[in-house]
Amino acid sequence: MSTYQPAPPTTAARGGAVVSGSAPSVSQLRMILIAVSVALMAVIASVSGLNVAQTHLAVDFGAGQTTVLWIINTYTLTLAALLLPLGALGDRLGRKPMLIVGLVIFGAASVAAGLAPNAEIMLAARVLSGVSAAMIMPITLAVITSTFPEHERGKAIGVWTGIAGGGGILGMFLSALLVDVASWRWLFVLPVALIIVALAMAVRSVPNSREYSGHSFDLVGALTSSVAVVGLIYVLHEAPERGWGDPVTVISLLVGLAALIAFVTWELRRRDASLLDVRLFRERGLAGGSLTLLVVFGVQAGIAVVLFPFFQAVLGWSGLLSTLAMMPMAVLMMMTSALAPRLAARIGSRSTVALGVALGGVGLTLMALVVSVDGGYLSVLPGMLAMGVGMGFSMAPSTEAITSSLPVAKQGVASALNDITREFGTALGVAMLGALLSAGYRSSIGDKLHGIPADTASTAREGIANALEAAGESSSHSPQVIHAAQQAFVDGWRQAMVVGAVVMAGMFLVILASGPQRRPALPAEVTEATGTVAR
């Protein structure tokens, strides 16, 4: 850890950080939580919002699919790459100034994106949005962990994790609604409105805190970490489409791994002056919390990849209705994330996380066993609900385990690490479960296309969307092709869900053996933490 200089006499020092002003009151804490939650919602909603407008972007800009995907993915890649260095800068320069500057830039970039006349300006605006989002996201959690007293911190982190987990689905629903009733350009009205609210509240309510370090900023660590994150996440995004043997995939993987090795080597050399002290991963809380979030967010993202084509291609629903169908899982996730700290105070963090992962595994198992074309939405709803509850219970204690492993002065770094873990988990889950679904589909549909013309059958094997398109062009064989594609998709679904359930079962055993270990609070502590009256 860094060596910290004494705090100025007009400020209060907490754990190596300097927090200006007196301790916030309960009402001030509530306003702080609302401010950072609204800011976080703006960032999360922008991650997935443009996914529902791909065809509109292609038509309006005259752009190819590759350009459209870059417009969408550039935001995520820039955000992930800069989380760690900008989180560390926020610790040094002051978390409130970093948050305010990030909000202003994010709002301006969103306005520019909404008014963009061509793909080039749109792409530049999305890059700027990613940079400012990386300024905002780690600071929102760092403000909570450095401001809230210990007995209130868990509840606040629960709210934060609920928004981080469920906010993307909520953002997609609102985005799909805006695209349906207005235009894709109206997608940016939502983040701009949220930014204005968050900015007004942050200026008034959020206190400033910062790190006083005797060491120079770790520029080498910042650069190598950014290259490693971009290289590895790019591989996970592109490999399913390009193939793992494609030169671009291989080069990206080698560059990412080389940068990761260089980062770890450099950080071990810097030790107390490092951007991220990698020795801390020997601690159970940091390692266990990071692994849990990696798996949980990976499974969540992978499920979304499976559910949307099921709703749209198998059930024939619109994008808006498909997104609405995901809302029960998102709402339960947000609710149980807020409740998880209270449960952890009673039964312990390890038991709470283990319960969440177990429920997630049950949800995946239900979706593997019960799903069917004829059963429709009701065949997947019980599994979705179990997944929502399970993810909510596991996310908040895991996030708290990560942030509590680093000192208050390093909470920007801790928060950034938490966010990077989420991004890696999301990319990994999409790549893994998406690949399993595709492989299962291709393996299954081959035996179901007997008597179908060769050209139609070849197109149908590429994927369910291709099969539906081919069915429309071959009216005489249309029912057989559609039925074969739907059944093959369900077969691929089952394969992906079974593997996901096995992963969750393995994670459950790991948590039991070495999960975050925060013991249950004593009765008086539970009373204080939950706000209940002892009887």
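The values are calculated or read from the model by the stated rules, or taken from the named source; none is laboratory data. Treat the numbers as computed from the prediction; the structure is a model and nothing was measured. Every residue, glycine as well, gets a Cβ built from its backbone with ideal geometry; the counts of neighbours run over all protein chains shown. Surface accessibility is based on the protein's heavy atoms, side chains included, excluding ligands, DNA and RNA. Shrake-Rupley method; radii C 1.70, N 1.55, O 1.52, S 1.80 Å.
Of the residues making up segment 290-304, those that are at pLDDT below 85 and over 10 Å from residue 427 (Cα atoms) are 300, 303, 304.
Note on segment 356-375: among residues that are open to solvent by 40 Å² or more (accessible area, probe 1.4 Å), touching a residue at least 24 places away in the same chain (Cβ under 8 Å) and β-branched (Val, Ile, Thr), the one that is farthest from residue 310 (Cα to Cα) is 362.
Which residues, taken from segment 204-231, are open to solvent by 40 Å² or more (accessible area, probe 1.4 Å), among the charged types (D, E, K, R) and not in a helix (DSSP H, G or I)? Step through it out loud before you land on a result.
Narrowing segment 204-231 to residues open to solvent by 40 Å² or more (accessible area, probe 1.4 Å): 204, 208, 210, 212, 214-217, 219-220, 223, 227, 230.
This time we only want the ones that are among the charged types (D, E, K, R), so: 204, 210.
Within segment 204-231, just 210 meets the criteria.
Any idea which of (1) closer than 19 Å to residue 203 by Cβ; (2) surrounded by fewer than 19 Cβ atoms within 10 Å (Cβ to Cβ) is the one residue 127 doesn't satisfy? Among (1) closer than 19 Å to residue 203 by Cβ; (2) surrounded by fewer than 19 Cβ atoms within 10 Å (Cβ to Cβ), residue 127 violates only (1).
Does residue 353 satisfy the condition of being over 22 Å from residue 305 (Cβ atoms) and surrounded by 24 or more Cβ atoms within 10 Å (Cβ to Cβ)? It is true that residue 353 is over 22 Å from residue 305 (Cβ atoms) and surrounded by 24 or more Cβ atoms within 10 Å (Cβ to Cβ). In this entry, residue 323 is excluded by the filter for residues that are in a helix (DSSP H, G or I), within 15 Å of residue 400 (Cβ to Cβ), under 21 Å from the mean Cα position of the chain (by Cα) and of a type in the set (Val, Ile, Thr). Does residue 391 count as crowded, with 24+ Cβ neighbours inside 10 Å, under 12 Å from residue 336 (Cα atoms) and of a type outside the set (Gly, Ala, Ser)? For residue 391, the condition - crowded, with 24+ Cβ neighbours inside 10 Å, under 12 Å from residue 336 (Cα atoms) and of a type outside the set (Gly, Ala, Ser) - is met.
Scanning segment 148-172 for residues that are open to solvent by 10 Å² or more (accessible area, probe 1.4 Å), modelled with pLDDT of 85 or more and of a type in the set (Val, Ile, Thr) returns 159, 163. If you go through segment 90-132 and keep only what is part of a helix (DSSP H, G or I), closer than 24 Å to residue 62 by Cα and small (Gly, Ala, Ser), you end up with 109, 110, 112, 113, 114, 119, 124, 125, 129, 130. I'd like to check something: does segment 359-378 contain any residue that is more than 18 Å from residue 169 (Cα to Cα), polar (S, T, N, Q) and either under 22 Å from the mean Cα position of the chain (by Cα) or at pLDDT below 90 (or both)? Yes, segment 359-378 contains at least one residue that is more than 18 Å from residue 169 (Cα to Cα), polar (S, T, N, Q) and either under 22 Å from the mean Cα position of the chain (by Cα) or at pLDDT below 90 (or both). Could you pull out the residue among 502, 481 that is buried (at least 17 other Cβ atoms within 10 Å of the Cβ) and modelled with pLDDT of 80 or more? Exactly one of 502, 481 is buried (at least 17 other Cβ atoms within 10 Å of the Cβ) and modelled with pLDDT of 80 or more, namely 481.
Determine whether segment 100-111 contains at least one residue that is over 23 Å from residue 172 (Cα atoms) and either under 19 Å from the mean Cα position of the chain (by Cα) or open to solvent by less than 10 Å² (accessible area, probe 1.4 Å) (or both). No.
Going by the structure shown, is residue 59 β-branched (Val, Ile, Thr) and either touching a Gly at 6+ places or on another chain (Cβ under 9 Å) or open to solvent by 10 Å² or more (accessible area, probe 1.4 Å) (or both)? Taking the combined requirement at face value, the residue satisfies it.
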